[in-house]
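Student: What follows is a single structure, and I will ask about it in a moment.
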Amino acid sequence: MLDIDQFSLVEPAYLVTVISESVLKDSLIMLLKDLKVRSYTVSEVQGEGRYMRRSADPETSSSFVETGLEIRAIVSQELSQVILHVLKEQQTDFAIFAYRQPIEALIDDINF
């Protein structure tokens, strides 16, 4: 009989989610590549809140929230700490909201 407890299909990991201004797309992707992050997802998002910057529309005199960017990556705990540290330094100049969540992921390589 197969003892299912002998086999672990998942590895502990961290999901890092970054929501920022679209202008940071290239630099955020470069950061991940420099840190040897193998895969990530990028999505355009819209929202409102204290971490999104408002811009005035000169034609209507109303304000709107600029289109934002969401990037997600599954990384180790150590790498998530490095990513968050770098992003913290950029928060003074840009609208950046980032968080990490401990997860269990189906990963094909333990050195993700």
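Student: Given the criteria at pLDDT 95 or above, under 19 Å from ASP108 (Cα atoms) and not in a strand (DSSP E or B), does LEU87 qualify?
Tutor: Taking the combined requirement at face value, the residue does not satisfy it.
Student: For the stretch 13-26, enumerate the residues that are over 11 Å from GLU70 (Cβ atoms), surrounded by 12 or more Cβ atoms within 10 Å (Cβ to Cβ) and not aliphatic (A, V, I, L, M).
Tutor: Result: TYR14, GLU21.
Student: Name every residue in the stretch 95-112 that is modelled with pLDDT of 95 or more and either of a type in the set (D, E, K, R) or in contact with a Cys (Cβ under 6 Å, 6 or more places away or on another chain) (or both), in order of residue number.
Tutor: ARG100 - this is the single residue of the stretch 95-112 that is modelled with pLDDT of 95 or more and either of a type in the set (D, E, K, R) or in contact with a Cys (Cβ under 6 Å, 6 or more places away or on another chain) (or both).
Student: Restricting attention to the stretch 38-68, which residues are at pLDDT below 95 and aliphatic (A, V, I, L, M)?
Tutor: VAL45, MET52, ALA56, VAL65, listed by residue number.
The values are calculated or read from the model by the stated rules, or taken from the named source; none is laboratory data. What you see is a predicted model; the values in this text were computed from it and never measured. Backbone-built Cβ (ideal geometry, glycine too); neighbour counts: all protein chains shown.
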